[in-house]
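Since the structure comes first, as structure tokens, the remarks are kept for the end.
The values are calculated or read from the model by the stated rules, or taken from the named source; none is laboratory data. None of these values were measured; they are calculated from a predicted model. Here the Cβ positions follow ideal geometry from the backbone for every residue, glycine too, while neighbour counts run over all protein chains shown.
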Amino acid sequence: MRVLVPVKRVIDYNVKIRVKPDGSGVDMANVKMSMNPFDEIAIEEAVRLKEKGQITEVIAVSVGPAQAQETIRTALAIGADRGILVTQEGAEPLAVAKLLKALVEKEGAELVILGKQAIDDDSNQTGQMLAALLGWGQATFASKVELGDGKITVTREVDGGLETDELKLPAIVTTDLRLNEPRYASLPNIMKAKKKQLDTVSAADLGVDATPRLKTLKVVEPPKRGAGVKVASVQELVDKLKNEAKVI
Amino acid sequence: MDIHNSNNPSGDSASISADGPYFREEHQMFRDQLRRFVDEEIKPNAEAWEEDGLTPRSVLRRMGELGFLGIRYSEAYGGSAMDTVASAILAEELGKSTFGGFAITVLVHTDMASPHLHNFGTEAQLQRWMPDLIAGRKICAVAVTEPDAGSDVAAIRTHAKRDGDDFVLNGTKMFITNGVHADLYFVAAKTDSTVKGTRGISIFAVEKGTPGFSVGRALKKQGWLSSDTAELIFDDCRVPVANLIGAENRGFYSIMRNFQNERLVLGAQCIGESQAAIALTLDWVTQRKAFGAPLWEKQAIRQRLAMLSARVEAARQLVYHSAWLDAQGRDCVKEVSMVKALCGELVNDVMYDCQQFHGGMGYLRESAIERMVRDARVQSIGGGATEVMLEEIAKRMGK
């Protein structure tokens, strides 16, 4: 069984991001980029399934600029077997889902493991849209994944407990933070990753129209946090929450 | 075996990273993994190692498993056959840990001691020790310096006399990093005292536990506390001829060659330390308020930090340029001497100002900057003192 794992190149989680002065977006000049952390978890999970002998091939896919090859190489160093780069910049979740659908069909994948969201735009849409486009079952925010015969059992953390879902394959799974702890890519594996196959295709090759449909009006910094105040009594607190903060 | 792999900064543009012409994709990936390792495995734990006076063996073994200890060594022994640039990346990222003692423990093993074996060992010697060194199962040290001979290597007095199939070593070594806890020592000794000092030195691999070899005492230092440093004593220590590393009486030249690598990685370590100190100080001065505003609002402070950061960036470029020259197999003794002289002094300038801007907090043992100040001091002394390096540069200025 083949598993497809999309990996997105995003601004590194350690970087303090800045909004461009004209409010058109985030300043990306000379900013360190890395693999979206949720996608690292997705790759790790797929590689573990392969190491258990439950699947035969892990394909890492990225939709992005040429530099996203580096992100795919990281996935290959963690243990993915081969990579595919779809050269398409600024693709929105729906376009990415369409591109992935085309690749799933082309490669004959029966399981797609995705990060639940990317830390740059926090859309949390691609997995769900892909499931809808393919007409497959989906289990989002997985904290545990068990692959069975023709089915997959996924545990999800929900308010007040754990929910366990069983899905028929083929299926879509998106990963939560606690699913696993991704391994380090060892230096020998980084070197081996250089020799693994990495193909490049365009949106046109896959017959997908990836034209953006959303228009960004304005990007602003989050409001600065003001200094706190000490209150003398519960009464004062309630009064402030009611009349100043207007939250109760 | 060639440690100089091709690394062409003006060649294949697709594989060149945006971070600079010297870095390829695998360099960046390696740096990312190292950084995560340092953030997750070192920074939260190393405070205790400072107390213990050494970096735990389990940490070195873990680094071995991840291939961090065999960067430039042959794949046949578990290495990754990368280049000098990758070694500089290792040193820079370890320097950023803010624990100089941890960093030097690793760098002595990877870049100051084991290169003796890698560069000059026979196939049989490589097979015997290299896999364990690369995997971190055995840790090594290099013993050249003596109480009366540091940068002046030709003046060493430890000697080795041939006796049948053995050499018999006598003498004392000083300031030996990893000296207390290493398993394998590369020891310089005079094998011919009838010739000039430079012509009669040989290198021997001496294993821990060899009769006649003992650790005199663990030395207490100003900084680098998570690194063990020792005095070593050789008293009629018999070492088989099979442990002679490289040609007899040619040791001085192998030591000089290895000094180049040592100085380069020390320079890279200084750069990592400087960057980390500036980052810590930036955090501090943007939060700490004095006279009604963050310290960052004072031009005197922010401009000094800005200039330090410019100097560090410039020195960093020289480090990677030199690493790249070395990776090309080009002579870079002058550049490497510049790296050592420049970075060893610069890191101390950086620490002085950074501690100053931390105010009273920077004088407390609980602040990272206090430790970093102590750790930095040796960088202008060890591995070629600034004055010695400046003479090496002056000699090559073409008067």
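Being buried (at least 19 other Cβ atoms within 10 Å of the Cβ), in contact with a Ser or Thr (Cβ under 8 Å, 6 or more places away or on another chain) and in contact (Cβ under 8 Å) with a residue 40 or more places away in the chain holds for only one residue in B:Arg371, B:Arg316, and it is B:Arg371. For the stretch B:48-63, state whether one or more residues are at pLDDT 95 or above and closer than 17 Å to A:Asn189 by Cβ. Within the stretch B:48-63 (the criterion being at pLDDT 95 or above and closer than 17 Å to A:Asn189 by Cβ), the answer is yes, since at least one residue qualifies.
So, of the residues in the stretch B:265-280 that are within 15 Å of B:Val85 (Cα to Cα) and not polar (S, T, N, Q), which turns out to be surrounded by the fewest Cβ atoms within 10 Å (Cβ to Cβ)?
That would be B:Gly272.
Against the list (1) in contact (Cβ under 8 Å) with a residue 40 or more places away in the chain; (2) more than 13 Å from every other protein chain (Cβ to nearest Cβ); (3) not β-branched (Val, Ile, Thr), the condition B:Asn45 fails is (1).
Here B:Thr229, B:Thr191, B:Thr177 are screened, and the one residue that is in contact (Cβ under 8 Å) with a residue 24 or more places away in the chain and farther than 30 Å from B:Met372 by Cα is B:Thr191. So in the stretch A:186-221, with the set limited to residues that are within 14 Å of chain B (Cβ to nearest Cβ) and part of a loop (DSSP other than H, G, I, E, B), which one is nearest to A:Lys144 (Cα to Cα)? The residue in question is A:Ser186.
The residue of the stretch A:159-185 that is farthest from A:Gln117 (Cα to Cα), among those that are surrounded by 14 or more Cβ atoms within 10 Å (Cβ to Cβ), in contact (Cβ under 8 Å) with a residue 24 or more places away in the chain and within 14 Å of chain B (Cβ to nearest Cβ), is A:Ala185. Any chance the stretch B:220-230 includes a residue that's crowded, with 18+ Cβ neighbours inside 10 Å, part of a strand (DSSP E or B) and among the aromatic types (Phe, Trp, Tyr)? No, the stretch B:220-230 has no match at all. Quick check on A:Ile152: is it closer than 30 Å to A:Asp27 by Cα, buried (at least 21 other Cβ atoms within 10 Å of the Cβ) and among the β-branched types (Val, Ile, Thr)? No.
Could you tell me whether the stretch A:222-234 includes any residue that is touching a residue at least 60 places away in the same chain (Cβ under 8 Å), more than 14 Å from every other protein chain (Cβ to nearest Cβ) and exposed (fewer than 14 other Cβ atoms within 10 Å of the Cβ)? Scanning the stretch A:222-234 turns up no residue that is touching a residue at least 60 places away in the same chain (Cβ under 8 Å), more than 14 Å from every other protein chain (Cβ to nearest Cβ) and exposed (fewer than 14 other Cβ atoms within 10 Å of the Cβ). On the given criteria, is B:Val142 buried (at least 22 other Cβ atoms within 10 Å of the Cβ) and of a type in the set (Val, Ile, Thr)? Criteria met by B:Val142. With respect to the conditions (1) over 23 Å from the mean Cα position of the chain (by Cα); (2) under 27 Å from B:Cys354 (Cβ atoms), B:Glu273 falls short on a single one, namely (1).
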